[in-house]
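Written out below as structure tokens is the structure these notes cover.
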Amino acid sequence: MTDSGDEEPTADAIELDSNSLLSRLRVIEDQPLESRAAAFARVHDTLQRRLEGGDSTASRG
């Protein structure tokens, strides 16, 4: 998703992002059980960084 400045993401960008996440989760589900936990942890870390990064760019006031 490309996000410039304070603009809100468009519905198309959110849908594309959601589709990308779903594809990634499907790939993880197809992996052997031993690899899934680490892969899901990486997805979690990526999402957490993204969510917390959004907090730092929001205007406070």
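No lab work stands behind these numbers, since they all come straight from the coordinates. Remember, predicted model here, so these are calculated numbers, not experimental data.
The table below lists the values:
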quantity	calculated
Gain on full stretching of the segment that runs from Q48 to A11 - 0.36 nm per residue minus C-alpha separation	11.2 nm
Extension gain (nm, one decimal) between S20 and A39, 0.36 nm per residue minus Cα-Cα	5.3 nm
